[in-house]
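Report on the following structure.
The values are calculated or read from the model by the stated rules, or taken from the named source; none is laboratory data. From a predicted model like this one, the values you see are computed outputs, not experimental measurements. Don't worry about glycine lacking a Cβ; one is built from the backbone with ideal geometry, like all the others, and counts go over all protein chains shown. These area figures cover heavy atoms from the full protein model, side chains too; ligands, DNA and RNA do not enter into them. Shrake-Rupley method; radii C 1.70, N 1.55, O 1.52, S 1.80 Å.
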Amino acid sequence: MKLFVDTGILDEIKEINSYGILDGVTLNPSLIKKAVGKLKSEGQEINMENYIKNILKTVSGPVSLEVISDIFGKMVDEGRRIFKLFNPIANNVYVKIPISPSFGKNTNNQFDGIKAIQVLSGEGIPINATLVFTPEQALIAAKSGASFVSPFAGRVDDYIRGNNDIKFNKSDYFPEYGIKKGGEIISDNGILSGIDLVGQIVEIFRYYDIETKVLAASIRNPRQVREAALAGADIATIPYSVIKKLLYHYKTSEGMKNFTSDIVTEYANILRND
Ligand code: E4P
């Protein structure tokens, strides 16, 4: 499974990249807002175009940049603009298009995202279909030519808990096979958890040999990274804070302390010149 970092903060991207494990980056308007807020709080000048270009130069893998409109023609224009402006920098731009840009059930533009995905992918622009909450949305995105589909695992868990008056903290673990309330397993229309959504999409794509990659997004804790991998996700995009936790285990730290305190001079002298 490839590991992307889910942040717009360049310093965080550079740090994770320095570990040699970074395969890509995902951005969205909220992550860009957070990065801009940080720069402003530090009193730094912001040249957004150059800032994004620096991100693109930092990583060799895909960097997803999202459109901001909710109407077919405008999304296509923005997708072309993003690709033309930024792809020549490092040839690693993916345009992120919401699977449905509609703000409600009854609006007329439910399929504008799908139409934009078809036009842009038809022009050779790689697309990351975002805000995916059902396997059928993923299937339609894939059929439309998306290179990646992004199921929002953490937000599925938030939604199920929110709908069932379950209090939680953002990083709380939510079991892959769901939770019971009143003796019944609760779900969002048959989706038991965010990881269950990822797994259902993987299963469908495998069944039909669909080449679109499943990018597990909205990851909240290390265990979700493991479960995304076990579910067969091609990629997980992970917040900086969660990547930092991936190597922690109490017994690893304890073992390090014990090994360090057991070092004898006879052995250390071979390894150290000083
Ligand atoms: C990345 O593609 C998504 O935009 C992101 O993972 C959403 O994460 P969140 O639900 O924590 O905001």
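Points worth noting:
- Leading residue by the ranking (nearest to the ligand (Cβ to nearest atom)) among those in region 148-159 that are part of a helix (DSSP H, G or I) and open to solvent by less than 20 Å² (accessible area, probe 1.4 Å): Gly154
- In region 85-98, the residues that are open to solvent by less than 10 Å² (accessible area, probe 1.4 Å) and either away from the ligand (no atom under 14 Å from the Cβ) or in a loop (DSSP other than H, G, I, E, B) (or both): Asn92, Val93
- Looking only at region 191-237, and only at residues there that are closer than 23 Å to Ile97 by Cα and polar (S, T, N, Q), the one that is farthest from the chain's Cα centre (by Cα): Gln200
- Filtered residues of region 253-266 (kept if among the β-branched types (Val, Ile, Thr) and surrounded by 10 or more Cβ atoms within 10 Å (Cβ to Cβ)): Ile263
- Failed criterion for Val59 (all others in (1) at pLDDT 95 or above; (2) exposed (fewer than 15 other Cβ atoms within 10 Å of the Cβ); (3) under 20 Å from Asp23 (Cα atoms) hold): (2)
- There is at least one residue in region 70-84 that is open to solvent by 30 Å² or more (accessible area, probe 1.4 Å) and in contact with a Leu (Cβ under 9 Å, 6 or more places away or on another chain).
- Identity of the residue in region 230-241, within 16 Å of the ligand (Cβ to nearest atom) and assigned to a helix (DSSP H, G or I), that ends up farthest from Asp209 (Cα to Cα): Ser241
- Candidates Asn163, Asn108 - the one that is at pLDDT below 95 and more than 13 Å from the ligand (Cβ to nearest atom): Asn108
- Taking the criterion of being charged (D, E, K, R) and farther than 12 Å from Phe133 by Cα, the residues of region 159-199 that qualify are Arg161, Asp165, Lys167, Lys170, Asp172, Glu176, Lys180, Lys181, Glu184.
This table checks each residue for (1) away from the ligand (no atom under 16 Å from the Cβ); (2) in contact (Cβ under 8 Å) with a residue 60 or more places away in the chain; (3) surrounded by 14 or more Cβ atoms within 10 Å (Cβ to Cβ).
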site: Ala146; (1), (2), (3): no, yes, yes
site: Asp188; (1), (2), (3): no, no, yes
site: Ser193; (1), (2), (3): no, no, yes
site: Asp196; (1), (2), (3): yes, no, yes
site: Ala217; (1), (2), (3): no, yes, yes
site: Arg226; (1), (2), (3): yes, no, yes
